[in-house]
Structures are given as structure tokens and as C-alpha cells.
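In what follows, a single structure is set out as C-alpha cells and then discussed.
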Amino acid sequence: MVTPVVTPALPSCVLREAYCSRAEFLAKVTGCDTTSLVPGGNTAANTAALDGILREASGEVDAICNQVLAATQQVQAGRYRYRSDGRVWVPLDQTPVVSVDAVSLGASPGELTALTDLSGVWLGRKSVHVPTSALSASTGLSDGGWLYAQVTYTAGWANTTLAATTLVSATSLTVTDAVGIVPGLSLRIYDGVSTEQVVVASSYAAGATTVPLAAAMASAHTTAGVAISAMPEAVRKATRLLAAASIKRRGSEAVVLGAVSDEPVRKVGGEPGMSADRAAAEELLRTFKRTA
């Protein structure tokens, strides 16, 4: 039996948290009735339905932008030409690029050498320049030749939740997911009147869910699960608008009965503002779309 060859560049598209929390959505004036999302449903059922709508809206944001906006770890792999300055230029599909986490180079796919020092890597907005100095002379490099490269990198905005409550003046917080969090990153804690901005301390170790802060927090955060994000406000607003459009579309659906001999017909119209919400969301997301 032939063993299949699996691409090293498997895309990471798992949506961990919605781009707008339930609390954020309910705090805004959206013109939506969220108390009857499930016909005959109780509060718990409607709450679960709203959470699902927000996740669907977040997925729609990604579809409109042709990329995952939440921070994910990606792998770019291929055959690239290296230049006379001793570097390989590797274009990266996902943006914004947060960090390069691992690099391997080689003359063939089965002979990749992992770089143990990434200090010489230059990270651009949509590409990474990798020095070939780590390769042995036996690799046979020559000007204008080709190399295989595999780059593991993190792209997108950190988007997570608070895993544990915090006290006033706390100098660290605990998150459920640390992907995309790096030293110096500004994070916003979305907690109603206690909403605040914090900055990740320079001592933060990548991947740790306990995040030290550059300055003490101004407020206590007594509810685990509140949103913590570096996601641009335009993206969060677009998510709210798409969720609102979805709810309004649900509210506009009706089963219409004609004559007694007719079959029931589901008529889909549109509540006021539904099309405007969607158009406004797409306009907000215009600058976040991935282009070839």
C-alpha cells in the first residue's frame, strides 16, 4: 500500500473564539430581538443560538477577507530561488505576520536542516527573508539556485478569553489561548464598564497562558470568559453587523399559505436595515482582504 504524501502546509483555520462576544453584541444597539432566536426556546437556548450566530458571523468575516483573521500558526512550504546575498525570500500567505517560529532549509524535501538561530531572519509585512548561512558547504549553493524551505509562522490577531478572575492592580492575567500573544502587544479586555487596555510585558514567554503585563491593571475582572483581544475594532464591528443581519434575516422568514390547494411557501424578505448592515460590514472589512 502506497503511503500518501501529506503537505506540510496544512492550513490552520480553527475558530477558537468569536470575533465579538455575546456581551459586546448585547451592549450595542443592533435593532435585533435576541429573546426569540429559537421558537419556544428558553433563555439558555436563545443564548446558545446567539453564540452560534456570532461564531458563524466570525467565519463569514474570514470568508469575506479570504483569510483567518484570528491568530493561528501556519506553515509555508515550497521551492524558492535563493539570491546572491545568501538569502531565500519566502512569501507568506496569511497576514498580519506576528512571528516566525521555525525555519527549515535544504536542497531537497528529504534533506531539510532546521535553523537553530533565527536572529538573522528578516520579517516583512508579507514575506520572510531567511539566511542560508546555516547550511553546510556540501549543499552546493550557487547564485540563482533553488532551495526547499519550510517556514512555520504565526499570523493574525490574538483573540482569546480570560481564564481566571483578576484583582485590581494585578500585574498578570491568565488566558485560555495564547496564540498570537507576544511581548509588547496591546490587548483589550472587553468587560463592560471595566473594559481596559493592557500591554504584554517584555518578559513574556511565547506560548504561556499566564501573561505578565507592563503595568498593573486598573480594574478587577471578576468574570472568567470575558473577551481579550488585539483584533481591530473595525473587525469586531463588522462581526456585530453580520450577526445582526443574520438575526434580521431569520426574523423576516415566514411560511405563507395561499389557497387551500397550494403548498406552503417560505417567503424570505428582509427586515429594515439587513442589507445596510451587510454592506457596512463588507466596507469595514475591505482593507483586511487577502490579495494574491
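The values are calculated or read from the model by the stated rules, or taken from the named source; none is laboratory data. All figures in this text were calculated on a predicted structure; none of them were measured in a lab. No Cβ is skipped: glycine too gets one built from the backbone with ideal geometry, and neighbour counts run over all protein chains shown.
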| Failed criterion for residue 115 (all others in (1) under 17 Å from the mean Cα position of the chain (by Cα); (2) free of Cβ contacts under 8 Å to residues at least 24 places away in the same chain hold) | (1)
| task | Please enumerate the residues belonging to the stretch 178-205 that are surrounded by 15 or more Cβ atoms within 10 Å (Cβ to Cβ), in contact with a Gly (Cβ under 7 Å, 6 or more places away or on another chain) and part of a loop (DSSP other than H, G, I, E, B). | result | 178, 180
| query | What residue, among those in the stretch 16-46 that are among the hydroxyl-bearing types (Ser, Thr, Tyr) and crowded, with 16+ Cβ neighbours inside 10 Å, is nearest to residue 155 (Cα to Cα)? | reply | 19
| Subset tally (residues that are buried (at least 16 other Cβ atoms within 10 Å of the Cβ), within 27 Å of residue 230 (Cβ to Cβ) and among the aliphatic types (A, V, I, L, M)) for the stretch 93-117 | 4
| said: I need the strands (runs of 3 or more DSSP E) fully contained in the stretch 58-171, keeping only those with at least 2 residues that are at pLDDT below 95. | reply: 72-81, 87-91, 97-106, 127-131, 146-155
| task | For the stretch 67-78, indicate whether the set of residues that are under 24 Å from residue 133 (Cα atoms) and either without any contact (Cβ under 8 Å) to a residue 60 or more places away in the chain or hydrophobic (A, V, I, L, M, F, W, C) (or both) is non-empty. | result | yes
